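The values are calculated or read from the model by the stated rules, or taken from the named source; none is laboratory data. Only a predicted model underlies this, so the values are computations on that prediction, with no experimental measurement involved. Here Cβ is always computed from backbone atoms with ideal geometry, including for glycine, and neighbour counts include all displayed protein chains. When the accessible area is computed, the model is the full protein with side chains, heavy atoms only, and any ligands, DNA or RNA have been set aside. Shrake-Rupley method; radii C 1.70, N 1.55, O 1.52, S 1.80 Å.
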Amino acid sequence: MHRHRLAIGIALCLITTGCSTTHAPQSSQTPPPADQRARTAADAHAVATATKQSQTSTELRRDEQAQALGKEEDKKDAGSNASNAIAERELPLAAISDGPAPMSAPPPPPQATPTATVGYAVGGLDRVAVTGARLKPAVAMQAPATPAWNPAQAVSAGEKYATHDDNPVQRTADNPVSTFSIDVDTGSYSNVRRMLTAGQRPPADAVRAEEMINYFDYAYPAPISRAVPFRVTTEMAPAPWNTKHTLLQIGIKGYEVAHAEMPPANLVFLIDTSGSMDEPNKLPLLKQAFAQLVPQLRAQDRVAIVVYAGSAGLVLPSTPGDRHDVILAALNQLEAGGSTNGGAGIGLAYATARGSFIKGGANRIILATDGDFNVGVSDTGSLKEMVAKQRESGIALTTLGFGVDNYNDTMAEQLADIGDGNHAYIDTLNEARKVFVEEMGATLLTIAKDVKIQMEFNPATVTEYRLIGYEDRALRREDFNNDKIDAGEIGAGHNVTALYELTLKGSGGEANDPLRYGKPVIASGQPQSSISSEVGLLRLRYKQPDAKASKLIETPLMRSQISASATPRLRFAAAVAAFADNLRGGKHLNGYGWDAIGKLARGTGGVDRWGYRAEFEQLVERARTLDGGNTPVAVTRGE
């Protein structure tokens, strides 16, 4: 037993000595101002605290391992393979059928005595140690193989979704103005896809219509120049489920940035390695998802890896992006175990990101988790407050959801919203490729922030309207002109779509009876003929990424722009909106069922390079077959 403790101590000494390297060059610049020095000291304190917690955990684990080893020696003769008594656990990486052919799992690494700590000295930050429970012996990252998980898994009552009701039909005479923040999240669609593929109709609160619609590319025209970061496209045509109603589609397209032209990125991968992540569709899939991003990184980019379980630690200090082998090796060593102190991880991630901040670059934390925070700062409200305080630092927070059973969608979606980032749910490697490869610019580079939309409808033309989705992004009317109010961001190349369902005057499609004593309200100062020809006024506000003041875009929508039939673009968006509504109970579809939705989607044609639209058609069919007998599962309501 003593010689094994000695061996562990020697290994610890060698590893600690070999790994402690300084990556930040010495600087001869003028000392930073006092406030910056204070912030740096706070960051160092956060890192030092994480180090102390990690080292304490290490000592306890080392004693436990030594005790276990002693018991094992009592059972066996001295010298009979005692060196293999403690073995690193290796999770299987089998394949699932979301790719053309399953790849073989990488060979298991050789058994080795676990190291107690691995430490790195980081410029401007204290030394950080990470416990061996979340590391396994180094082995080169293999080509991504999709982890296996049972598609028959159903939605668990432990999953958390924020409750929301559909936007109501508004009478224009009573409330002519609709204001909301844009939303580029797509997590709801891929999460719903996971449930339908598993043979389970999703709970209504898991379905957010705007995220379902925004999952798809509608090929909106891009802006002519970068003076304005996006271009707005509108279309109006009859609603397919009610010809007495008119659909208004508002499409926003951000300008594209070629990969070679993207500014340098400062990324911190914040990875949940707690025990709840010990499932094939969680940490193993997570590691392979991040491995898809690594080959896209360049020498001017920087990557650090922070992990958290019972405590937080720095696995990889800020490293040049072209050190692909180093980054992949660090990812491949991660293992799951312990409780989940997400608050500590978020704090350390922001400290790490500030320590390697790139002025004018894409500074972003990518949080990957199932959202099951259970120690430390763990409630959604406190975590949102923590992230909100960091928002002004110029570091965005993107969240990636993983797994089933205890998935906390509420947490992941709301942290991304308040962290000036976006939220996606990764259910397959194909989805990881979409987020990290196909949409890399949109994921990493913000081109406009605090983007708000306000529609003022003309009571002389529109009697009623309803905004489809965006329930949790609603703003007060006065918030539109208040630059202190946070709103959504648009990434390079992003598409954003909003749909309104309108009832035009004289159509006979009103949901509400007219008021006996009400009077139509017409804006003063405008000729009657001009006003009656307008459907409404579209206003947008946005800020450049580094600006404090917003800019205004406004354009009137004319009744003459209403078409007799919808383009394929609007028809497909309508099909997705109807799909989302039917999954939530079909309250607004006037009996428009699954067969009609499938037919509408199939009739749109268009380019489908990655097969997303064909997959959508399959999901409609799967939902149709489930609709007969499978009722939505009860889930825990979020905040």
Separation between the residue 329 and residue 515 pseudo-spin-labels, each 7 Å from Cα along Cα→Cβ, expressed in nm? 7.2
Would you mind getting the accessible area per residue of segment 439-493, heavy atoms of the protein chains only, 1.4 Å probe, in Å²? 31
R0 = 30 Å: FRET efficiency of residue 532 with residue 226, Cβ-based, nearest 0.05? 0.20
Might you tell me the accessible area per residue for segment 156-300, computed with a 1.4 Å probe and given in Å²? 29
Excluding ligands, DNA and RNA, the carbon-plus-sulfur percentage of the accessible area of segment 447-508 with a 1.4 Å probe reads 43
Where the accessible area of segment 228-340 is counted over protein heavy atoms with a 1.4 Å probe, how much of it, in %, is carbon and sulfur? 50
I'm checking a number: the convex hull volume of the Cα atoms of segment 337-443, normalised per residue, in Å³. What is it? 106
Highest average packing first - 605-614, 381-390, Cβ atoms within 10 Å: 381-390, 605-614
Rounded to whole angstrom, the alpha-carbon centroid of segment 309-343 lies from that of segment 578-622 at a distance of 40
Equivalent ellipsoid semi-axes for segment 229-291, as square roots of 5 times the alpha carbon gyration tensor eigenvalues: give them largest first, rounded to whole Å. 40, 24, 9
Cα pairs beyond 19 Å in segment 387-514, in percent, come to 62
Candidate residues 225, 190, 560: accessible-area rank, largest first, probe 1.4 Å: 560, 225, 190
Keeping every protein chain in place, order 181, 563 by accessible area at 1.4 Å, biggest value first, i.e. largest first. 563, 181
In nm, to one decimal, how far is the modelled label at residue 474 from the one at residue 553, with both set 7 Å along Cα→Cβ? 2.6
Given 389/452; 287/359; 389/484, the pairs whose alpha carbons are separated by over 24 Å: 287/359
What accessible area, in Å² to the nearest ten, does a 1.4 Å probe give for residue 169? 60
